[in-house]
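Questions regarding the structure given below will be posed in turn.
The values are calculated or read from the model by the stated rules, or taken from the named source; none is laboratory data. Note that the structure is predicted; figures quoted are calculated from it, not measured. Every residue, glycine as well, gets a Cβ built from its backbone with ideal geometry; the counts of neighbours run over all protein chains shown.
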Amino acid sequence: MRGALVTSRRRHADVGILSESMMTETFSNELTTIHYADVMDGLEKVRDESVDLIFADPPYNIGKKFGDFKDVWPSDAAYVDWCYGWLEASLRKLKKTGSLYVMTSTQAMPYLDLWLREKVTILSRIMWHYDSSGVQAKKFYGSMYEPILFGVKDSRAYTFNAADIEVEAKTGSVRKLMDYRKEIPTPYKSTKVPGNAWYIPRVRYRMPEYEEHPSQKPETLLERVIKASSNPGDVILDPFAGSFTTCAVAQRLGRSSIGIEMNPEYIKIGLRRTGIAQTWNGETLNAIQKSTVRKNANGIRGGAVKAI
Ligand SMILES: C[S@@+](CC[C@H](N)C(=O)[O-])C[C@H]1O[C@@H](n2cnc3c(N)ncnc32)[C@H](O)[C@@H]1O
């Protein structure tokens, strides 16, 4: 494990967040590099035009708590200004043939979409759809999706491995229909490239991939993004690594990756999940010990929790 200590000061007084003095520390193995840093400091460590794929999943300005950091900006304008800053810096890191995936809330995405379409070619507006068994909206339509924008720097030269992400085609082929639009009528293909509505369940406590992070993205989602928009050996950048899903999946698929994260609790997850370290600052980095007993909201013990 390589660890380099650099001290930096970054003030977010304009958006009400103040990080007095943030230590910047770097860890790596052969494929993965982790920067424990504020996003802007971490990005400074990445060479310009050296990255093939960016997956950016920032805080959404919706009041979620990431440890001590509360995801609230004083206004939509302040939030999107902050986003424009790290987006601009991230785009500098992307190769001319590179691709970018950006997530944010449904409310903020229109701002980022308008801004980004001046900088990159937007190829898809993806809807990551999931079901929710939690509290249901009664007076409006509950939020069951998160938007993902997919853009490329050069629409004539970018990676898209369509054959690697095909899914089952549930229409013509299942009904054993023939495609008469072809010169020689042929049965419908049984697989297809997924459209822009992705149904992928959220990460749940009982799933083996679960980590203690309030906004962990599913490995299946990252697998699709990484397989489609990068090749083995390519470099992937995640400026808001969180539980390090991007880096863990990239490593498993033989890609290099760089993850930036400012919360030390999540750095510990990243170090363990990527196998970079088993200890940090004398602490053993153990996976979460899941309770085998289910409790309801009042703390009443119920049935045993089964792994799914
Ligand atoms: C939506 S989560 C990312 C989740 C991640 N995609 C995953 O699968 O676990 C956003 C992350 O950004 C981190 N973060 C927020 N502000 C940051 C900043 N200024 N610099 C670096 N990381 C930041 C938070 O600690 C949080 O873990």
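Anything in the stretch 49-64 that is within 15 Å of the ligand (Cβ to nearest atom), over 13 Å from Gly242 (Cβ atoms) and in a strand (DSSP E or B)? List them, or say none.
Those that are within 15 Å of the ligand (Cβ to nearest atom), over 13 Å from Gly242 (Cβ atoms) and in a strand (DSSP E or B): Leu53, Ile54.
Just to be sure before I move on: is Leu221 modelled with pLDDT of 95 or more, hydrophobic (A, V, I, L, M, F, W, C) and in contact with a Lys or Arg (Cβ under 6 Å, 6 or more places away or on another chain) in the structure I sent?
no
Regarding the stretch 132-143, can at least one residue be identified that is outside any strand (DSSP E or B), farther than 30 Å from Leu285 by Cα, without any contact (Cβ under 8 Å) to a residue 60 or more places away in the chain and within 16 Å of the ligand (Cβ to nearest atom)?
yes
Return the total of residues in the stretch 83-99 being touching a Ser or Thr at 6+ places or on another chain (Cβ under 9 Å) and outside any strand (DSSP E or B).
Residues in the stretch 83-99 being touching a Ser or Thr at 6+ places or on another chain (Cβ under 9 Å) and outside any strand (DSSP E or B): 2 in total.
Turning to a different aspect of this structure: Checking Met40 against (1) within 12 Å of the ligand (Cβ to nearest atom); (2) part of a strand (DSSP E or B), which single condition isn't satisfied?
(2)
Please go through (1) part of a loop (DSSP other than H, G, I, E, B); (2) surrounded by 11 or more Cβ atoms within 10 Å (Cβ to Cβ); (3) free of Cβ contacts under 8 Å to residues at least 60 places away in the same chain for Pro110 and return the number of the only condition it doesn't satisfy.
Every condition holds for Pro110 apart from (1).
It is to be established whether one or more residues within the stretch 206-217 are within 23 Å of Ala163 (Cα to Cα) and more than 10 Å from the ligand (Cβ to nearest atom).
Checked against the condition, which is being within 23 Å of Ala163 (Cα to Cα) and more than 10 Å from the ligand (Cβ to nearest atom), the stretch 206-217 yields no hits at all.
Please work out which one of (1) farther than 21 Å from Leu237 by Cβ; (2) without any contact (Cβ under 8 Å) to a residue 40 or more places away in the chain; (3) not polar (S, T, N, Q); (4) not in a loop (DSSP other than H, G, I, E, B) is the condition Arg125 fails and give its number.
(2)
Any chance the stretch 176-192 includes a residue that's under 20 Å from the mean Cα position of the chain (by Cα) and not β-branched (Val, Ile, Thr)?
Checked the stretch 176-192: no residue is under 20 Å from the mean Cα position of the chain (by Cα) and not β-branched (Val, Ile, Thr).
Then there is this: For the stretch 269-278, name all the residues that are within 12 Å of the ligand (Cβ to nearest atom) and either free of Cβ contacts under 8 Å to residues at least 40 places away in the same chain or of a type in the set (Gly, Ala, Ser) (or both).
Within the stretch 269-278, Gly270 is the sole residue that qualifies.
Here is a follow-up. Can you go through Ser215, Ser229 and tell me which one is modelled with pLDDT of 95 or more, of a type in the set (S, T, N, Q) and out of contact with any strand residue (DSSP E or B) (no Cβ under 6 Å at 6 or more places or on another chain)?
Residue meeting the stated conditions: Ser215.
Being in a helix (DSSP H, G or I) and not aromatic (Phe, Trp, Tyr) is true for just one of Val46, Val80, Val72, Val102. Which residue is that?
Val80
If you scan the stretch 14-44, which residues turn out to be surrounded by fewer than 16 Cβ atoms within 10 Å (Cβ to Cβ) and either in contact with a strand residue (DSSP E or B) (Cβ under 7 Å, 6 or more places away or on another chain) or at pLDDT below 95 (or both)?
Selection gives Asp14, Gly16, Leu18, Ser19, Glu20, Ser21, Met23.
Now for a separate question. Just for the stretch 218-250: of the residues that are part of a loop (DSSP other than H, G, I, E, B) and away from the ligand (no atom under 14 Å from the Cβ), which one is surrounded by the most Cβ atoms within 10 Å (Cβ to Cβ)?
Result: Ser230.
Going residue by residue through the stretch 257-268, is there one that turns out to be within 16 Å of the ligand (Cβ to nearest atom), of a type outside the set (Asp, Glu), under 19 Å from Arg204 (Cα atoms) and modelled with pLDDT of 95 or more?
Scanning the stretch 257-268, I find at least one residue that is within 16 Å of the ligand (Cβ to nearest atom), of a type outside the set (Asp, Glu), under 19 Å from Arg204 (Cα atoms) and modelled with pLDDT of 95 or more, so the answer is yes.
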